[in-house]
Amino acid sequence: MHRLKQILRPDHPTVRALTLATMASATANGVFYTVSALFFTRVAGLPATTVGLGLTIAGAAGVAASFAAGRLCDRFGADRVLLIVTATQAVALLLYTSARDVLTFTVIACVAVGSRAMQGTARQTVLAVAFPGPDRVPVRARMRVVTNVFIGLGSLLGGAALLADTHAAYTTALVVVAVLSGFSCLPLRALKLPAPEPVSRSGLDGSPLADRRYLAVTALNSLMSMHFGLANVGIPLWVVFHTDAPAVTVSGLLLLNTTLVALLQVRLARGTDDVGAASGAVALGGLLLALACALYAGAASAGVLGAVVLLVLAGVVHALAEMRGEAGAWGLAFELADPRRPGAYQGVSQTGYALGGMLAPLVVTTTAIDHGTAGWAVLAGVFVTVGLLTRLIVRTTTSAPRRPVPPPVSQPS
């Protein structure tokens, strides 16, 4: 209980501002994920294929926005950028309630998804600037706990709209999403970071685009991050259409993941502020993901009880891989970056996540869902290979001199 209180009510002002903002935005996301598809199809009257196409275009906009946000953070300050894009997203979410045609929906989706992607970059940059050194990975881990818990709470709130199943309920839920997103702006006004250093006109001084190691690690992490799409898209389809497990198992697996992250994420992030340990964590995450793939595949021919048991075991292993592997990825994204250009580097890192999120539904469905065990084997091979390559790249380049780290704004208590 004391540990949970420290996570939800931290003493450090920067962490407290980010935590309060995350509570509101994560709750909004939980509601949105629960009701958005039904709102767009039943209330807005858009065909499902149109929604999918619009969100795909918006995903591409999010990739570009992640990268651009890094440059803006280095020029204007991550705290200012985070506040502005959070407010922009709140407005875009409210405008969703007026979307009734393809063009309007796609434009609004591009703004909403793009601003959310920019939030990710700006938030990472705030952590990179405010907590240089070993403090930022634990802070990032605590943020993830808050995110998962409050997305879960938001999902419960969204369930009320599903129970009502009326146009008014879905519209009200979208308005609640926008209001909660707007509330997340309030604590962000308390963020005060030092003014960023001037950026050279050429933009090449300390640019991550000239850092082959960072680009390679980011590219590999974009492939590893497809496991989020596996959880959100692949597992529901696999459980419902390829196993004898009841459909409610999907909800149980989501609850299991949320619970494990809340209990273990901070503990499993320890030590990943060191690049060697971080790359090892990523490699371990890849191996565990491969084991989870094998367990998911086995559930297809195990009967009802056997399928449920294997799916739960797979969910546990998947969650452990996610927590340890993600902590390693955070450590590498922070520690391999040039501290002179925190925004640009975190922008590249978040662009990798955006690319992974855009590719994941296609990759997961064309492997595991379309080809069963063989497809799961391909995914397992990808995860293992990515993890080992990340470890190899970091180990063979650790002799490079470490860049000086600027002093922190203040240390978290």
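The values are calculated or read from the model by the stated rules, or taken from the named source; none is laboratory data. Because the structure is a prediction, the values reported are computed rather than measured. Methodologically, a virtual Cβ is constructed for each residue, glycine included, from the backbone with ideal geometry; neighbour enumeration extends over all protein chains shown.
Can you say whether V85 is assigned to a helix (DSSP H, G or I) and either out of contact with any helix residue (DSSP H, G or I) (no Cβ under 6 Å at 6 or more places or on another chain) or modelled with pLDDT of 95 or more (or both), as far as the supplied structure shows? Against the criterion (assigned to a helix (DSSP H, G or I) and either out of contact with any helix residue (DSSP H, G or I) (no Cβ under 6 Å at 6 or more places or on another chain) or modelled with pLDDT of 95 or more (or both)), V85 qualifies. Let me confirm something: among G343, G381, G347, which residue is modelled with pLDDT under 90 and not assigned by TED's automatic domain parsing to the domain that holds A65? Step by step, each of G343, G381, G347 is checked, and only G343 is modelled with pLDDT under 90 and not assigned by TED's automatic domain parsing to the domain that holds A65.
Filtering region 284-300 to residues that are within 19 Å of the chain's Cα centre (by Cα) and under 13 Å from R391 (Cα atoms) leaves G285, G286. Across region 116-136, what is the number of residues that are farther than 11 Å from G70 by Cα and either within 12 Å of the chain's Cα centre (by Cα) or not in a helix (DSSP H, G or I) (or both)? Final tally of qualifying residues: 6. Among residues of region 35-75 being hydroxyl-bearing (S, T, Y) and either touching an Asp or Glu at 6+ places or on another chain (Cβ under 9 Å) or within 15 Å of Y96 (Cα to Cα) (or both), the one that is surrounded by the fewest Cβ atoms within 10 Å (Cβ to Cβ) is T41. Exactly one residue out of A314, A377, A360 is without any contact (Cβ under 8 Å) to a residue 60 or more places away in the chain and out of contact with any His (no Cβ under 6 Å at 6 or more places or on another chain), and it is A314.
Comparison of A44, A58, A26, A78 shows that the only residue that is farther than 25 Å from G356 by Cα, of a type in the set (G, A, S) and touching a residue at least 40 places away in the same chain (Cβ under 8 Å) is A44. Apart from one condition, V43 fits all of (1) under 20 Å from G154 (Cβ atoms); (2) among the aliphatic types (A, V, I, L, M); (3) within 19 Å of the chain's Cα centre (by Cα); the exception is (3). Taken as a whole, the structure leaves A61 outside the set of residues that are in contact with a Lys or Arg (Cβ under 6 Å, 6 or more places away or on another chain), aliphatic (A, V, I, L, M) and in the same structural domain as Q124 (by TED's automatic domain parsing).
The single condition from (1) closer than 24 Å to T14 by Cβ; (2) surrounded by fewer than 23 Cβ atoms within 10 Å (Cβ to Cβ); (3) charged (D, E, K, R); (4) touching a Gly at 6+ places or on another chain (Cβ under 7 Å) that R100 fails is (1). Within region 236-257, the set of residues being surrounded by 16 or more Cβ atoms within 10 Å (Cβ to Cβ) and either outside the structural domain of A368 (by TED's automatic domain parsing) or at pLDDT below 85 (or both) comprises P236, T249, V250, G252, L254. Scanning region 107-127 for residues that are among the small types (G, A, S), buried (at least 24 other Cβ atoms within 10 Å of the Cβ) and under 17 Å from T147 (Cα atoms) yields A117, A122. Here are some residues: T27, T34. Which one is within 18 Å of the chain's Cα centre (by Cα), more than 23 Å from R140 (Cβ to Cβ) and part of a helix (DSSP H, G or I)? Exactly one of T27, T34 is within 18 Å of the chain's Cα centre (by Cα), more than 23 Å from R140 (Cβ to Cβ) and part of a helix (DSSP H, G or I), namely T34.
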